[in-house]
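Undergrad: Sharing a structure here in structure tokens format.
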């Protein structure tokens, strides 16, 4: 007793480094380089703190109403979590039994494996092709069913989108629940939300976050859209009051300013284009990103060496060791000025 | 597949009603009748929203440092959750295996049973005596060990504290983890924090919340203090960034104004004294509360009847049906004015 044995042997998820030094150019955790909507400033300044002595709305109706408007669905199709992390851990309780497994592609978001370990169920990887293109997910292994498949699209760290018809065909044949993690969808040419709100859909959930395109990683608000029956199961297992009152008000202000978010996403896409073209002209291999980062293979020196040299120059990017990822760097899209400094630095290093 | 069978049969926890009507006297969810520290207003107004584009401190060092100062422990002794709810669900992952059980007294906080159901493990009740006094906890049943015992002290809804020597003796003989849920400790004559920070303690965790005495139910911040080894296990299974950046700043402001909290707790205790004495003088049975509510048996009419009549008069209190609780009402301590209106109304009803 005392500590559960599954927890004793658990290796926790390692988030990207958060240096406190303000001089650092921070391109390592896919944060947005632009600030969130100024409407948030207004709601924080005018917030009546006396309200805080009361419990918040446990089912966050005002925020759900706004999300339903944005996506053209009903509030019963929407669940909100304290970050996408909580949406995922609630889904792991609601849709996975102790003798079932969670699956995802590999490479993909490395948190998924940790999530399965915390839930104390098996994790089944579906290995992508060498060019990170679609492969049919493994839905059963060693007699254990994958009850929940977590499909990041656009995928991370690869930056690529999968073809919609592949996702759709997989979801419609799959007996488990598929969550399409669309953290980066606002930076992509298309998204899969129509699969979640399609009549007759019984197993496909699309998840979004305010962390990336809405510039609100510090707020912790993720949501998902899916069939009412599945969403209802998620409400049954969530903590009673999982979104605090201030977060509800701030999220609503952000979601009422979609134009602000879209303008920032456009700026990020434009910088992504410039960075991609410039690095390609220097001989780097840069896949056509659909997200707010690129996953690029340097022309002349090993990725890890460049990662270390950039770090010495106060530019933080992300490096994932391993066969499928170790030749590349994941570089978040910064401001134009940050991108200039990155390109200048790489020009010196990548010789 | 799709929805886990344990979730399909799950009955969700029912929080107290949150009427939106401002004319209601709301004495049903043990919220504080006084506002939180005015320092919170300052930090919200001056908050730099540009920071929100970055992820928050995943281990909330500034808040933990302040909590460590308050209780005279180290930051490695402290875990913080998105409300005590999250502290409890993290503990249920960290300290309980699939073949073990969670236990608590009965009557106690009704969420605990739901927590075990969500964790999909057995729940073992230890029934208190008729006067709600201490009974030795059941630590094993039908061959299943209770790995985690949740001990609310002061207890809810009974309002009473257990003797410290009983708690201490139980904890020192118990092989599992005991969490002493001290949500109401700031309204009590004594608390058990010294058990959590005692040298040699290996299994006792004390949990606090900002929801009650700090008037911050809307914020969702609970924390616990305990042995480093257990606290470390909790960090391993929590969501990556479970406390948002604004909540960290607000919590810190509140915790830096302990005097404000203590002054409000004193006012609540004074009103509790007056309400208790007045109801006793009318023949009610009112145990000597150590919390911000009383658990009182009316003199002449059934509790449920008074509950309904109060509701018709826009006064909300809490009624828990059942043999051990059904003769009483749980009434949160309101302002002096709310208490006058409650007493006036009861004078008319309780004849």
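The values are calculated or read from the model by the stated rules, or taken from the named source; none is laboratory data. This is a predicted model, so every value here is computed, not measured. When we count neighbours, we look across all protein chains shown, and the Cβ atoms used for this are built from the backbone with ideal geometry, even at glycine.
Undergrad: Can you find a residue that is touching a strand residue (DSSP E or B) at 6+ places or on another chain (Cβ under 8 Å) and in contact (Cβ under 8 Å) with a residue 60 or more places away in the chain anywhere in segment B:212-220? Explain how you work it out, then say what you get.
TA: Keep residues of segment B:212-220 that are touching a strand residue (DSSP E or B) at 6+ places or on another chain (Cβ under 8 Å), which gives none.
There is no residue in segment B:212-220 that is touching a strand residue (DSSP E or B) at 6+ places or on another chain (Cβ under 8 Å) and in contact (Cβ under 8 Å) with a residue 60 or more places away in the chain.
Undergrad: For the condition under 21 Å from residue A:104 (Cα atoms), surrounded by 23 or more Cβ atoms within 10 Å (Cβ to Cβ), in contact with a helix residue (DSSP H, G or I) (Cβ under 8 Å, 6 or more places away or on another chain) and at pLDDT 95 or above, what is the one hit in A:226, A:218?
TA: Details: A:218 fails: under 21 Å from residue A:104 (Cα atoms).
The match here is A:226.
Undergrad: Hey, can you tell me all the residues within segment B:183-227 that are within 11 Å of the chain's Cα centre (by Cα) and part of a loop (DSSP other than H, G, I, E, B)?
TA: Listed by number, the residues that qualify are B:183, B:184, B:210, B:211, B:212, B:213, B:217.
Undergrad: Here is a further query. Report every pair of residues separated by at least 6 positions or lying on different chains whose Cβ atoms are under 6 Å apart, first residue within segment B:226-249 and more than 8 Å from chain A (Cβ to nearest Cβ), second part of a helix (DSSP H, G or I) and surrounded by fewer than 20 Cβ atoms within 10 Å (Cβ to Cβ).
TA: B:228/B:76; B:249/B:43
For every residue, the table says whether it meets (1) in contact with a helix residue (DSSP H, G or I) (Cβ under 9 Å, 6 or more places away or on another chain); (2) more than 14 Å from chain A (Cβ to nearest Cβ).
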residue: B:141; (1), (2): no, yes
residue: B:144; (1), (2): no, no
residue: B:149; (1), (2): yes, no
residue: B:152; (1), (2): yes, yes
residue: B:160; (1), (2): no, yes
residue: B:169; (1), (2): no, yes
residue: B:175; (1), (2): no, no
residue: B:178; (1), (2): yes, no
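Undergrad: Could you go through segment B:73-82 and let me know if any residue there is under 26 Å from residue B:158 (Cα atoms), within 9 Å of chain A (Cβ to nearest Cβ) and buried (at least 24 other Cβ atoms within 10 Å of the Cβ).
TA: yes
Undergrad: Restricting to segment B:139-165, name every residue that is surrounded by fewer than 17 Cβ atoms within 10 Å (Cβ to Cβ) and more than 16 Å from residue B:180 (Cα to Cα).
TA: Narrowing segment B:139-165 to residues surrounded by fewer than 17 Cβ atoms within 10 Å (Cβ to Cβ): B:140-144, B:163-165.
Hits for segment B:139-165 are B:140, B:141, B:142, B:143, B:144.
Undergrad: Looking at B:112, B:132, which one is assigned by TED's automatic domain parsing to the domain that holds residue B:175 and surrounded by 22 or more Cβ atoms within 10 Å (Cβ to Cβ)? Reasoning before the result, please.
TA: Values: B:132 fails: surrounded by 22 or more Cβ atoms within 10 Å (Cβ to Cβ).
Unique residue meeting the criteria: B:112.
Undergrad: A follow-up question, please. Yes or no: residue A:15 within 7 Å of chain B (Cβ to nearest Cβ) and within 30 Å of residue A:343 (Cβ to Cβ)?
TA: On the way: within 7 Å of chain B (Cβ to nearest Cβ): yes; within 30 Å of residue A:343 (Cβ to Cβ): yes.
So residue A:15 fits the description; yes.
Undergrad: Looking at (1) surrounded by fewer than 17 Cβ atoms within 10 Å (Cβ to Cβ); (2) outside the structural domain of residue B:342 (by TED's automatic domain parsing); (3) modelled with pLDDT under 95, can you tell me which one residue B:235 breaks?
TA: Of (1) surrounded by fewer than 17 Cβ atoms within 10 Å (Cβ to Cβ); (2) outside the structural domain of residue B:342 (by TED's automatic domain parsing); (3) modelled with pLDDT under 95, only one is false for residue B:235: (3).
Undergrad: Another question, then. In segment A:35-47, which residue that is more than 7 Å from chain B (Cβ to nearest Cβ) and within 25 Å of the chain's Cα centre (by Cα) is farthest from residue A:293 (Cα to Cα)? Show your work before the answer.
TA: Within segment A:35-47, the subset more than 7 Å from chain B (Cβ to nearest Cβ) is A:37-39, A:42-43, A:46.
Keeping just the survivors that are within 25 Å of the chain's Cα centre (by Cα) gives A:37-39.
Working: A:37: 21, A:38: 24, A:39: 27 Å.
Here the residue is A:39.
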